[in-house]
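Nothing in this text is a laboratory measurement; each read-out follows from the coordinates by a stated rule. None of the values given here were measured: they were computed from a predicted structure. All Cβ positions, glycine included, derive from the backbone under ideal geometry; neighbour counts span all protein chains shown.
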Amino acid sequence: MKHVKGSAGASPAPAGVVEEVEVRGHIIDSLILPKILDRILTAGASFEIRECKIGERRTDPSHARIAIWADDPDVLSTLLGDLVEHGAWPVHAEDAALATADIAGAFPDGFYSTTNMPTQVRHKGRWIDVSDQEMDCGIAVDARAGTARCVPMARVEPGMAMIVGHAGVRVTPLERPRDAAGFGFMNSTVSSEKPKAVGVRSVVEAMRGARAAGKKVLLVGGPAIVHTGSATHVARLIRDGFIQVLFAGNALATHDIEQAILGTSLGVSLTDGQPIEHGHEHHLRVINTIRRLGGIKQAVDAGVLKSGIMYECIKAGVEFVLAGSIRDDGPLPEVVTDVLVAQDRMRAALAGVDFALFVATALHSIATGNLLPARVKVVCVDINPATVTKLADRGTFQTIGLVTDVEPFLRLLAAELAPG
Amino acid sequence: MSQPLEPRLLMCPPDYFGIEYEINPWMKLSRGADAARAGEQWRAFHQTLLELGAEIDLIEPVHGLPDLVFTANAGLVYQEVFVASRFRHRVRQGESPLFESWARARGFEVLSLPHGLHFEGAGDALFCGEVLFAGYRFRSDARSHQWIGERLGVEVLPLELVDPRFYHLDTCFCPVALDTAIYYPGAFDEYGRAVLRDRIPRLIEAAADEAVSFSCNAVVVGHTVVLNEGAPKLARSLLDCGFQVRPLAFSEFIKSGGSAKCLTLRIDGEEAAAWKYNEARIALGETGGV
């Protein structure tokens, strides 16, 4: 059966506190089910029928499981007391089990492993939303504050109250939008055989929508952006305020700066496409220059760096996290070489991000996908369909893929969003 | 258990009947029942049932259990099963062991509800046709009815009781035949009224002024309805529908919130319960009858 929803207000969006009840018996013919649903709405709460099994013969009992939302915990509590009278009983009668973390950097045995979907835990008889939602973490409960949050394994501290087992934990699956707007146009998440202009338009709408709503747009980019000559498009998008956060590695920043200072990317001229003599040293020379100045910002302040993606980031105050890898040259001073610290920096920068654009990088896309809650929309643009597939396989199932060369994509995107 | 041929009822003489506590809006400690008159009314009722051909089991009255006379609340009879009551009010909980031992002695399989659920027997659960109509809110829990439906494999339609004066289903609803029932609409909400109208082909409505004199709390033996006197409109409706009526005085019991129906438990199945006839047909078939 399809989910049936009801809401007393104009907005059906579930919010606030939630509880699930179960009702059995001849609930259709006795009008008990409609009565329960009516009472939920009359109380100002909203519901969703999560499961409904109708008995086949008249004597067979039916069964329904109903999620109920209310803004106010007291309203919900009173409503539940009323519904019990009509035979609807709370499903999750038990609190989540807690175990105290005994050592740093590891969960207690039997820990609950998170998904990237909205999660709630039951503590002292009440459901609380888990904050910092992220896959592959544990959930720490602050009993005094009545809060719960995702904690990565490496960040566990002794004494933390961690959830163990599955009892008292509830995950709300996200539904794909049913309407044709947004990304409803795509049924398969990745395909090279899709009209690219439609895909670009959807990204344009999503980025405009995020900016209008005061939300942040995250760009996760690989060096191919620079190699393909797209750095100017991205620079324009940053300058015009369409990107608020940038995640990349040493390579994107290095080749962007190489292009800005020397006109090449990996030693190849971006104007005529020809390799320049001693061009293979170019990126090392700019890294050295930046390191001598103390960093990218210092290079901008000194007038050495005057254009490009990193220049615009400094000028626009765009938050960027450059995460290091084992093959990096230099690296640039801003590159965070401790991956755990880099993950923490990325987590902190994700606050307020509503839309993420992953362009031409498998490594940083997967790393970011691991940190993102499922509610954040993700579009992954790559010439290689496997990049999108890898993301989905690692749990970032909300990803929509556009298989295309990044330059025409970014050129179209910039032309739509930041003409001129 | 063998199928009795005559209608069979369980009653309890009112030797210790009285108003010793207040657990419904009718009971007033300040307005006690007249023991002598109560005895007269009970004996007249008992005699009438005998005249109508009923066989009557008597349970021994017990001092300190004034409401033991209301045997309708002993439990629910379904075929060879007796679903024992679990009283909501502590003052009546002492009745349960007596009713359960009576049921066991009578050969019933006694079913007990899970801990924490309340259920007050035929006071809140009445068959009309194949369906068990069940009242909840004041005395029995909706969940008890769900449990009973699953255990007995019958369709149970719980009806919310919304007026505390009609705290048991049998105070406002009385199936009189497979397709006919008396009801007082004011005791139910719109959902309950809709269910009754949808599922019972012929509903005889009791007027508000007659409902408050417990006219719905009637006993049916064959085609005769024994009810409280002072309900001429309902009596007329029943006559028009082809039933006989026997109005009697129950004033002393009404002071306690009960009348004819409350004073009896039908042991062999109510006239309106379809399972009784299914069983009888099976029994006849086995003996090579009709």
Using the Kirkwood formula on alpha carbons, the hydrodynamic radius of chain B in angstrom works out to 18.8
Can you tell me what percent of all Cα-Cα pairs in region A:196-417 are more than 26 Å apart? 31
Any GluC sites (Glu not before Pro) in region A:226-318 that lie in a DSSP loop and have at most 14 other Cβ atoms within 10 Å would be A:Glu277
Cβ-based exposure ranking for A:Glu407, B:Glu271, B:Glu80, in which fewest neighbours within 10 Å come first: B:Glu80, A:Glu407, B:Glu271
Here is the link list: A:Lys216/A:Lys390; A:Lys315/A:Lys377; B:Lys28/B:Lys255; B:Lys28/B:Lys233. Which ones come out longer than 19 Å on Cα distance? A:Lys216/A:Lys390; A:Lys315/A:Lys377; B:Lys28/B:Lys233
Exposure proxy order (Cβ contacts within 10 Å, fewest to most) of B:Asp163, A:Asp272: A:Asp272, B:Asp163
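Helix-only estimate, please: 222 nm mean residue ellipticity of the protein assembly as shown, summing -39500 (n - 2.57) across DSSP H runs of length 4 or more and dividing by its residues, to the nearest 500.
For the protein assembly as shown, the value works out to -9000 deg cm²/dmol.
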For region B:165-290, what is the per residue volume of the convex hull drawn over the alpha-carbon atoms, in cubic angstrom? 115
Taking every eigenvalue of the Cα gyration tensor of the protein assembly as shown, multiplying by 5 and rooting it, what semi-axes result, largest first, whole Å? 79, 24, 20
Which residues qualify? For B:Leu248, with a placed amide H closer than 5 Å and at least 5 residues away or on another chain, they are B:Leu227, B:Asn228, B:Glu229
Exposed trypsin sites (Lys or Arg not before Pro) absent - longest run of chain A, DSSP non-H/G/I/E/B, at most 13 other C-beta within 10 Å: A:179-305
What span do the alpha-carbon atoms of chain A cover on each of the three principal axes, reported in whole Å from largest to smallest? 87, 52, 33
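Share of antiparallel DSSP beta bridges in the protein assembly as shown, in percent to the nearest 5?
Antiparallel: roughly 55 percent of the beta bridges in the protein assembly as shown.
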